[in-house]
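Visitor: The structure's right below; bear with me while I get my questions together.
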Amino acid sequence: MINQQQALELFEYRDGELYRLKRVSQNTRIGDKVGHPDAYGYLKVSIKNKPYLVHRIIFLMHHGYMPDIIDHIDGNPANNQIENLREATQQQNCYNSATHKRNTSGYRGVSWSKVWGKWQAYVNANKKRKFLGYFEDLELAALVASEARDLYHGKFARI
């Protein structure tokens, strides 16, 4: 595991990007921007043949430790500015996740109930789904779900 001192010796942080301070192989040069995107859009770098996510190295460089989970506040895995990174629990990280691709309402926490013929609103909190009610109006259901996320998820609520 890399520590803060090693990271500071290897890389320079500038505006959400890492740049090499040392040449570590024939394929690298001092001043090169570091990171190659993975399948999910996160930038990766190899240090002594061990892969690391760039945002984790940046967090380590600034805070001196590497937490289990680091959340991108804006949800963009390519935005590694230190102001966009925060320590989180797995649950908090899920609160800040994007709307699921199978979502048909277009709003988080809102789905169509075939049984009742209305929109139903819900929020996930403390590993449980809380039912918020049935609504004729989609926008009202979305507003209720959004307010519940603000209440239960706090600063990790995704709008």
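Coordinate-derived values only; no laboratory data. Since the structure is predicted, the reported quantities are computational estimates derived from the model, not experimental observations. Backbone-built Cβ (ideal geometry, glycine too); neighbour counts: all protein chains shown.
Visitor: Which value, in Å³ per residue, describes the convex hull spanned by the Cα atoms of segment 4-87? Let's see the in-between values first.
Guide: Working: hull volume 7.6 nm³, N = 84.
Dividing the Cα hull volume of segment 4-87 by its residue count gives 90 Å³.
Visitor: Here are some pairs, LYS33/LYS101; LYS50/LYS127; LYS44/LYS128; LYS44/LYS127; LYS22/LYS48; LYS128/LYS155; which of them have Cα atoms lying more than 22 Å apart in this structure? Spell out each step's value before the answer.
Guide: Details: LYS33/LYS101 32 Å; LYS50/LYS127 33 Å; LYS44/LYS128 33 Å; LYS44/LYS127 30 Å; LYS22/LYS48 13 Å; LYS128/LYS155 19 Å.
Those over the limit are LYS33/LYS101; LYS50/LYS127; LYS44/LYS128; LYS44/LYS127.
Visitor: Need one number: nm distance between label points at ILE69 and MET1, each 7 Å from Cα along Cα→Cβ, rounded to one decimal.
Guide: With each label point 7 Å from Cα toward Cβ, the separation is 1.8 nm.
Visitor: Let me ask something else about it. Report the full-extension gain for the segment ARG129 to ILE30: residue separation times 0.36 nm, less the Cα-Cα distance, to one decimal in nm.
Guide: Stretched out fully, the ARG129 to ILE30 stretch lengthens by 30.6 nm.
Visitor: List the pair-distance distribution P(r) of segment 98-156, using every Cα-Cα distance, as the percent of pairs falling in each 5 Å bin from 0 up to the bin containing the longest distance, rounded to whole percents.
Guide: Histogramming segment 98-156 at 5 Å steps yields 4, 22, 28, 27, 14, 4, 1 percent.
Visitor: Place a point 7 Å from the Cα of SER113 along the Cα-to-Cβ direction; which residues of segment 125-154 have their backbone N under 20 Å from it?
Guide: Residues passing the 20 Å test: 125, 128-149.
Visitor: In deg cm²/dmol, rounded to 500, what helix-only [θ] at 222 nm does the chain give when every DSSP H run of at least 4 residues adds -39500 (n - 2.57) and the total is split over its residues? Spell out each step's value before the answer.
Guide: On the way: 4 runs with 39 residues, N = 159.
Result for the chain, helices only: -7000 deg cm²/dmol.
Visitor: Output the Kirkwood hydrodynamic radius of the chain, Cα pairs only, in Å rounded to one decimal. Working shown, then result.
Guide: Working: mean 1/r = 0.0558 Å⁻¹.
About 17.9 Å for the chain.
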